[in-house]
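Written below as structure tokens is the structure these notes are about.
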Amino acid sequence: MKSVVIERPEVLRVQERERPQPTAGQVRVKVRYASICGSDVHIWHGHNPFARYPRVIGHEFFGVIDAVGEGVDAARLGERVAVDPVVSCGHCYPCSVGRPNVCSALQVIGVHLDGGFSEYALAPSGNAYKLPESIPDRLASLIEPFTIAANITAFLNPTGQDIALVYGAGPMGLTAVQVLKGVYGVKQVIVTDRLPERLAMAQDNGADRVINNSEISLAEQLAGIQPTLIIDAACHPSILPEAIALASPAARIGLLGFSGDTCAITQQSLTSKELSLFTSRLNSRRFPQVIEWINQGHIQPAKLVTHTLPLSQIEQAMTLFEKQPRTCCKVIIEMD
Ligand SMILES: [Zn+2]
Ligand SMILES: [Zn+2]
């Protein structure tokens, strides 16, 4: 089978590998479509501290179960499935309180384990979610990025009263916008970014107002509007202090970033407004929820897709994703 392997940082190859055999409790998925995420690019360039090399990357993928390991019902053969990349132990403290995404022994498919940019991929059977016919094959890999938005919004508990501010109109920001508007019916969603093309995408994804903060500060343009809910999907360490300053009293702030750099905030800036700060990593069993949202028409994954390329052009596809943020949002990889 063909697999996209990062042999070591900066060395990407499409390799011919042996088709893997599912072990007990696993299914093998014949992958049909996958999509590129920022973290795939980070593993390629050696910027993901969790990655082990060589690694088959790809954690957003869809396919059909074509083999099952011992103990898995053979009736699942032929099932159309989206795969949750979060593999957890099931018995540590975080797992016991429904937070497998921060399992003490966390393994992520495509990061710690071989992933879905491959003709075949293995997953625990419980991570392979059967899809309704209403979700087309070519959009099914986008369930995973929406689970990121599902996870953080579950902490933030948005309501129809909220004025939400989303930093960053990349894939993470855009999925958040769709969920805030389409699922929670938030009163107003404001999106800020430095690229006008990305802000146009934000409007297309449901943003009520967009603000380009490349020249005039966000504070000046908000002119006293105090967001009640803020999501940092741009993930720069300078954003948190600004978000705290702009937030309404009693606001909630959600962080998705993974920067190791410090940022300066004071207790007073948080406590005086009794702000709530939430962080969110990956997703905690949110696939069924997102599948239902798509099924009900609350979110539109098709709005994120700008390109489709075959697996053989993976390097061009990843370069496009990385270097052309004005024209490129989600890239779908089609298995040849
Ligand atoms: Zn991702
Ligand atoms: Zn665990």
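The values are calculated or read from the model by the stated rules, or taken from the named source; none is laboratory data. Predicted model only: the values in this text are computed from it and were never measured. Ideal geometry is used to build each Cβ from the backbone, glycine not excepted, and the neighbour counts take in all protein chains shown. Quick note on the areas: whole protein, heavy atoms, side chains included, nothing else; ligands and nucleic acids left out. Shrake-Rupley method; radii C 1.70, N 1.55, O 1.52, S 1.80 Å.
Below, the figures for the structure above:
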quantity: Condition check for GLN203: closer than 14 Å to VAL177 by Cα, of a type in the set (S, T, N, Q) and surrounded by fewer than 18 Cβ atoms within 10 Å (Cβ to Cβ); calculated: yes
quantity: Looking only at region 60-81, and only at residues there that are assigned to a loop (DSSP other than H, G, I, E, B) and touching a strand residue (DSSP E or B) at 6+ places or on another chain (Cβ under 8 Å), the one that is nearest to SER39 (Cα to Cα); calculated: GLU60
quantity: Hits in region 209-235 (condition: small (Gly, Ala, Ser) and either open to solvent by less than 40 Å² (accessible area, probe 1.4 Å) or not in a loop (DSSP other than H, G, I, E, B) (or both)); calculated: ALA219, ALA233
quantity: Selected residue [more than 16 Å from ligand 1 (Cβ to nearest atom), touching a residue at least 40 places away in the same chain (Cβ under 8 Å) and part of a helix (DSSP H, G or I)] from ALA154, ALA150, ALA169, ALA140; calculated: ALA154
quantity: Yes/no for LEU320 being free of Cβ contacts under 8 Å to residues at least 60 places away in the same chain, assigned to a strand (DSSP E or B), over 17 Å from the mean Cα position of the chain (by Cα) and not assigned by TED's automatic domain parsing to the domain that holds HIS236; calculated: no
quantity: Matching residues in region 103-146 - criterion: being among the small types (Gly, Ala, Ser) and crowded, with 23+ Cβ neighbours inside 10 Å; calculated: GLY110, GLY115, GLY116, SER118, ALA121, ALA123, ALA128, ALA140, SER141
quantity: Boolean, ILE163 is touching a residue at least 24 places away in the same chain (Cβ under 8 Å) and open to solvent by less than 10 Å² (accessible area, probe 1.4 Å); calculated: no
quantity: Those residues of region 80-102 which are away from ligand 1 (no atom under 16 Å from the Cβ), in contact (Cβ under 8 Å) with a residue 24 or more places away in the chain and surrounded by 19 or more Cβ atoms within 10 Å (Cβ to Cβ), in sequence order; calculated: ARG80, VAL81, PRO100
quantity: Search result, residues across region 182-197 that are in contact with an Asp or Glu (Cβ under 8 Å, 6 or more places away or on another chain) and outside any loop (DSSP other than H, G, I, E, B); calculated: GLN188, VAL189, ILE190
quantity: Selection count where residues are in contact with a helix residue (DSSP H, G or I) (Cβ under 7 Å, 6 or more places away or on another chain) and either in a helix (DSSP H, G or I) or on the phi > 0 side of the Ramachandran plot (or both), scope region 82-99; calculated: 1
